[in-house]
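Written below as structure tokens is the structure these notes are about.
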């Protein structure tokens, strides 16, 4: 979903990838799920579990950001997954279970200073105005306890848990830069962004996705509907040799039972579903890789933690481009 004025939101410091990438060097196919035999994608998500929640804007945006952190770490270590529930609890400026704006989510994280990891605040599929299912019984206000907490076993004679906030030292990530591409920027700008910095969030029309049963979504009356009502993440592209059709490889947030194990493909270069008209990206700032361990009950925490800092490809573009091209040839 796009809010009025979203196109004015950005914080760009580094040169954009398409300004220093040679278009002739871009590979014909590139997929972050298989780069030199390794996947740089974090785990798949389902926004509608444990109940329906229109949080695609947060799922697609946090998937893309988490993937970029994994790419920055060269796929080493355990996956870092970011708390979508924190955005629903505290980032109401960006959206809710009734829709939202990914670029506002990125701006919120940038201005707020962090987004915690998802073990701090697991996904509940509830926002502050949600009234169905479990939502009336869970706390979706923004507080230290709903930012990062842990719960203890009930005391003898009690039937409720005591949950305490982790006030300091909880693992988190930051956003350093964020921005947007539109139709005027062209397909190459989107490809260069994905190739050099990682997956992006795209707005689409979800109508044709409701009954999608695999294959490439091609130019047709229904795919020409470019009214945006859903958010997804573009994670690569390829070319169908039989049809001679280039296509985007796209990650959805409806679970792996849907589509092609949670992905779909759509023809590239025609703005089908509106996929090339509103593309949002964010660059990580820092992310926690180790901390001073708290005890199980959340006590004994310290502010000391180790944060890795993201290095933008523009700092050494030739090295990054050559590395990506080598990886693409091995895929």
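If you sort the three axes of the alpha carbon gyration tensor as a ≥ b ≥ c, you get a/c of 1.5 or more for the stretch 249-328 and a/b no higher than b/c, which makes it oblate.
Taking the square roots of 5 times each eigenvalue of the Cα gyration tensor of the stretch 145-193, largest first, gives ellipsoid semi-axes of 47, 13, 8 Å.
Panel note: the C-alpha atoms of the stretch 204-258, placed on their principal axes, show extents of 30, 26, 18 Å (largest first). Going through [x] 22; [y] 25; [z] 32, the figure that equals percent of Cα pairs over 33 Å apart as computed for the structure here is [y]. The length gained by stretching the chain between residue 138 and residue 38 to full extension, at 0.36 nm per residue less their Cα-Cα distance, is 32.1 nm. Per-residue Cβ neighbour counts within 10 Å put 82, 273 in the sequence 82, 273, beginning with the fewest.
With axes computed from alpha carbons, what is the tilt in degrees of helix 102-112 against the longest principal axis of the chain, rounded to the nearest 10 within 0 to 90? Approximately 50 degrees, to the nearest 10. Computed over the chain with a Gaussian network model linking Cα atoms closer than 10 Å, the most mobile of 233, 314, 60 is 314.
Counting beta carbons within 10 Å around each of 108, 86 and listing the fewest first gives the order 108, 86.
What is the order of 118, 139, fewest Cβ neighbours within 10 Å to most? Mind showing how you got there, number by number?
Details: 118 21, 139 14.
Fewest to most other Cβ atoms nearby, the residues stand as 139, 118.
Label point of residue 52 set 7 angstrom out along Cα-Cβ; within the stretch 254-296, amide nitrogens under 20 Å from it belong to 254-259. Remark: the residue 210-residue 153 segment gains 16.3 nm on full extension, using 0.36 nm per residue and subtracting the alpha carbon distance. Between 223, 24, 146, the Gaussian network model of the chain with springs among Cα atoms under 10 angstrom shows the greatest mean-square fluctuation at 24.
Need one number: % antiparallel among DSSP beta bridges in the chain, to the nearest 5. Antiparallel bridges: around 95 percent, rounded to the nearest 5. Judged by the ratio a/c of the largest to the smallest principal axis of the C-alpha gyration tensor, the stretch 1-125 counts as oblate, that ratio being 1.5 or greater while a/b is no larger than b/c. Helix 187-197 axis versus longest C-alpha principal axis of the chain: approximately 50°, rounded to the nearest ten.
Determine the shape class of the stretch 183-277: with a ≥ b ≥ c the square roots of the Cα gyration tensor eigenvalues, call it rounded for a/c under 1.5, and otherwise prolate if a/b is greater than b/c, oblate otherwise. Cα axes put the stretch 183-277 in the rounded bin.
Relative to the longest principal axis of the Cα atoms of the chain, helix 317-330 runs at roughly 80 degrees. Dividing the summed -39500 (n - 2.57) terms of all DSSP H runs of n ≥ 4 by the residue count of the chain sets its mean residue ellipticity at 222 nm at -6000 deg cm²/dmol.
A Gaussian network model of the chain, with springs between Cα atoms under 10 Å, assigns the largest mean-square fluctuation among 37, 236, 285 to 37.
Every read-out reported here was derived from the displayed coordinates using simple, explicitly stated rules and does not represent laboratory data. As the structure is a prediction and not an experimental result, all values here were calculated from the model. So basically every Cβ, Gly included, is an ideal-geometry build from the backbone, and we count neighbours across all protein chains shown.
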